[in-house]
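The values are calculated or read from the model by the stated rules, or taken from the named source; none is laboratory data. Here the structure is a predicted model, which means the values were calculated and not measured. Virtual Cβ from ideal backbone geometry, glycine too; neighbours counted across all protein chains shown. The accessibility values were calculated without ligands, DNA or RNA, using every heavy atom of the protein model including side chains. Shrake-Rupley method; radii C 1.70, N 1.55, O 1.52, S 1.80 Å.
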Amino acid sequence: MDWRYFPAVLRMSALGVLVLVSSSLIATAQDQSTLRKTNINAHDGGKAVSYTMYNESYALVVGASKYTAPDWDKLTIVPDETELVKKELESQGFDVKVVNDPDSDTLLKSIREFFRTPHPRDTRMLFYYSGHGYTSKTDHMGYIVPVDTPDRDGTDFYNKLVSLQEIRGMLPFGRAKHVLLVFDSCFSGYIFKLRRNSRPSPDEIYLNDIDRPGRQFITSGDEDEAVPDKLDFAQAFASGIDGMADLNHDTITTASELGYYLKKQIKPKKLQSPQYGVDPGDKERNEFFNGDMVFVSDSTQQSPPDASTKVAAIEPTGAQLPGPRGANLRGLGDPESHEADVFKGVEVLYYRKLTDNKLVTDALENAHIPYSVTAADLPDEFVTNGIACGPDVPLPALKALAKQLIAANVPLRKIIRFRKPSEKPFRLEVLAITKEAAGIQALDSPPLTIDQIDKLTTCPVSLQN
């Protein structure tokens, strides 16, 4: 195969990072026996090819079970869980470090060492944590809970917790291509982009898309749930990366497929509601994390390349949106319900406000609208009241979203066009809009009506009463 025809991102060494909560990251020569390359079988114009996705894979696995304060139940199953996860990751070529029952200082030190240790570009890192989680009632920030955390009314309570914001802030220190955070704990994950009501597409995927830098996360439950002292999540995780989560049967399992699989396996038990999503990146630093971590079972690794595989080496011919923005849209998957098919290929992004409570999420959920949700920048005194869109958004999707919000009594006061639509292709944003750009005064114009929505012919430059 002529590698000159591969995009630069494929010609360079890829660094994928699979992160499991553990302690030290530096592997010695004698403990690297499980470390191996991860190859993907793909096709390029009908020709079978083998592509090395990762040369190195590292995991940090953390288990917290022996809590000392009465507020935190002991989790007796956690040691079995960390051992199960360790063995499965080692079978996939990971070098795994396990840290059991760390106090707050040890946990922070372990995470810092793991993420700040330099790695080549062809590495993946996975961080796996099993233990209690906590969500602040004031700002809905999610935290993991070390074993020396005092009761919730203790004076040192917040000083002992480790926030998702702290962990996320460490991620850019690593040069790894892919990082996956897995939490078998329950808390709010709104600092990331949670994906809801969508499923991975059954169509073939492209190396150009998944091989881009990626920062992803999975949690076993939401903020209002408790961690059951059971192995359900860990067992589903292990079977999922071993191939059971390969939803489109292309011989590889992506982290997106894994997140969806875990949700479908765990949610019916009615104890937890797994969440999964991505790090939105940093626009100011031109960081976009559209890649997707990949797992390949040992048996698949031994199989020769097959031209019939669904993994394609390049972007689809005539792709409407090449590059990272196209990868982002293809990575959204498909609507989980056919009732929401008008949203296929459309990104609906909700900037959640605490003062919204569940008004907006219930509206989107009740209509099965596929969407991502993340924390809003504006203060919570401004409630969600608008939609932003671009001229490329399909009119049926815009109308369906606006009508659903109005029907759910969301005070939809304005629809406005993006100032730079080319930077947000095929996107609808549900957000808070103020009277002026400074974000000082709340918009108080009368809400829009269904009749006004029916008369739309495209995304308006500005529509309000």
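Helices in the chain, meaning DSSP H runs of at least 4 residues, each add -39500 (n - 2.57). Divided by all residues, the mean residue ellipticity at 222 nm is -6000 deg cm²/dmol.
Remark: the range 333-465 carries a charge dipole of roughly 420 debye about the Cα centre, counting +1 on each Lys and Arg Cβ and -1 on each Asp and Glu Cβ. Excluding ligands, DNA and RNA, the accessible surface per residue across the chain is 42 Å² with a 1.4 Å probe. Rounded if a/c is under 1.5, else prolate if a/b is larger than b/c, else oblate: which is the range 128-286, with a ≥ b ≥ c the root eigenvalues of its Cα gyration tensor? Verdict is oblate for the range 128-286. Rounded to the nearest whole Hz, the Karplus-based 3J(HN,Hα) values (6.51 cos²θ - 1.76 cosθ + 1.60, θ = phi - 60°) of the range 337-343 follow the sequence 10, 5, 5, 10, 4, 5, 9, with x at glycine and proline. Taking a ≥ b ≥ c as the square roots of the Cα gyration tensor eigenvalues, the range 321-465 comes out rounded, since a/c falls below 1.5.
Comparing Ile77, Ala432, Asn39 along the charge dipole axis of the chain, the residue lying farthest to the positive side is Ala432, per the Cβ-charge model.
How would you classify the chain from its alpha-carbon gyration tensor, with a ≥ b ≥ c the square roots of the eigenvalues: rounded for a/c under 1.5, else prolate if a/b is greater than b/c, otherwise oblate? It comes out oblate by the Cα gyration axes. Restriction of the trypsin sites (Lys or Arg not before Pro) in the range 330-407 to DSSP coil positions whose beta-carbon has at most 12 other beta-carbons within 10 angstrom yields Lys358. Here's the picture: charge each Lys and Arg Cβ at +1 and each Asp and Glu Cβ at -1 in the range 31-176, and of Ser130, Met141, Ser57 the one pushed furthest to the positive end of that dipole is Ser57. Rounded to the nearest 5, the antiparallel percentage of DSSP beta bridges internal to the chain is 45%. Counting only Cβ charges, +1 for Lys and Arg and -1 for Asp and Glu, the dipole size of the chain around its Cα centre is about 1240 debye. Considering only Phe237, Gly291, Asn465, the residue lying farthest towards the positive end of the dipole of the chain is Asn465, judged by Cα position with unit charges set on Cβ. Rolling a 1.4 angstrom probe over the range 65-131 with all protein chains present gives an accessible area of which 47% lies on carbon and sulfur atoms.
Cysteines in the chain that lack a partner Cβ within the 4.7 Å cut-off: Cys186.
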